[in-house]
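First up is the structure itself, then whatever we jot down about it.
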Amino acid sequence: MYRISARQILVIALLSAMFAAAGVACFDRWGARIQQPTAAFNSDDNNAATANVAGITDPSVATDEQNNIEVFRAISPGVVSISTTTRPRGFFDAGGQGAGSGSVIDEQGHILTNFHVIEDADAVTVSFGGDKSYPARVVGRDPDTDLAVLQVNAPRDVLKIVPLGDSDKLVVGQKVLAIGNPFRLDRTLTTGVISGLQRPIQARNGRIIEGAIQTDASINPGNSGGPLLDSQGRMIGINSQILSPDGGGSVGVGFAIPVNIAKRIVPQLIRDGVVIRPQLGVYPRAVSDLRGIRLPVEEGLLVLQVKPGSPAAAAGLRGLSEADNGDLVIGDIITAIDGEKVSEQNDLFRILDKHQFGDVLQVEVVRDGQRQTVPVRLLQEAQQRRGITRR
């Protein structure tokens, strides 16, 4: 057992208090309802990701110019301009307006865009060009992936669906095209290549979005939420961020959220309005942040507390406890999950994002100075109370 001094107890107590509120919010956000796994927007997605798009010649037999023209002509009718209005929030807040882009994804009028485009909006309007504008309602939002879904009540002939590709099959160097509304310029086309893959980018709430697509296709304010397309006209990403050292426009380093992330979460956003993610059920603190406290490892997540009724509690993971003599005893330190190293809280989020309810994680911990592996089943809390699928 690792025992700590009174001074160390005070340090941990203060840290626990600081992160308790954040932990509660985290648990609330991750929820406890069962997620219905959905691999795509529809059951035919695997075929859709390889089917030829009408009006686009096979890029291998078309000139680059012809390909640009055909992709824009076929896909741009499904790319919309989004305008938002925010009412004043106080005496010193004058409210404001915003703009972005989006893609029509089904015949029911659902539109995929970025969360940050509609984050604080009180009213949202979607334009299909000309005088074809419609009020939209926010159906669902997910700050963790910076994605949101809107819905408009528009005639079927106005809704031109943007087909989906497969972002898991991308390679650096392949051609991409971006369509959006930069600086409120209606349906603008830019082209480039995939400059990099698996780039981690940060959402506005601080969560890391894994696997972003880097491109040199020009992306500017107003492009957010619009599609990044392959040369066959299929959406492979959702344009989201640019790297701009001076805070201005594009310098050739833009980032798009992979469409396969959207495939996983959009059905939930349409059904539930939010994304329900599995939770482990621990209040953790990175070992590297606990300076001045002697611990058996230099990296990992120290479990400060285990949430009652959680998967971690059911599996027997341990938080801080008090010995008979009053000393505070260090609990488990999580060092890896399913063989993936864990050193900070974002590592935990990243791993859990890959899993569904019912999955069993192999959680590697240091307990009483010894390394061991604890299997943890990601169950809905109500299931655990009913005794369904107990360990």
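The values are calculated or read from the model by the stated rules, or taken from the named source; none is laboratory data. What you are looking at is a predicted structure, and each value in this text was computed from that prediction instead of being measured. Please note: Cβ atoms are built from the backbone with ideal geometry, for glycine as well, and neighbour counts cover all protein chains shown.
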Filter the stretch 312-342 for residues that are acidic (Asp, Glu) and without any contact (Cβ under 8 Å) to a residue 24 or more places away in the chain and give the result.
GLU322, ASP324, GLU340
Residue match in the stretch 153-161 (condition: within 22 Å of the chain's Cα centre (by Cα), buried (at least 17 other Cβ atoms within 10 Å of the Cβ), at negative phi and aliphatic (A, V, I, L, M))
no
Anything in the stretch 155-194 that is in a loop (DSSP other than H, G, I, E, B) and free of Cβ contacts under 8 Å to residues at least 60 places away in the same chain? List them, or say none.
PRO155, VAL171, VAL172, GLY173, GLN174, LEU185
Answer yes or no as to whether SER83 is within 17 Å of MET235 (Cβ to Cβ) and in contact with a Gly (Cβ under 9 Å, 6 or more places away or on another chain).
no
Of all the residues that make up the stretch 320-351, how many are part of a loop (DSSP other than H, G, I, E, B), buried (at least 19 other Cβ atoms within 10 Å of the Cβ) and of a type outside the set (Asp, Glu)?
4
Report yes if some residue within the stretch 355-367 is closer than 19 Å to GLN198 by Cα, surrounded by 16 or more Cβ atoms within 10 Å (Cβ to Cβ), aromatic (Phe, Trp, Tyr) and under 21 Å from the mean Cα position of the chain (by Cα); otherwise report no.
no
Would you be able to say whether some residue in the stretch 172-179 is modelled with pLDDT under 95, farther than 21 Å from GLU70 by Cα and surrounded by fewer than 22 Cβ atoms within 10 Å (Cβ to Cβ)?
no
Select from the stretch 79-117 the residues that are part of a helix (DSSP H, G or I) and either of a type in the set (S, T, N, Q) or surrounded by fewer than 22 Cβ atoms within 10 Å (Cβ to Cβ) (or both) and list them in ascending order.
HIS116
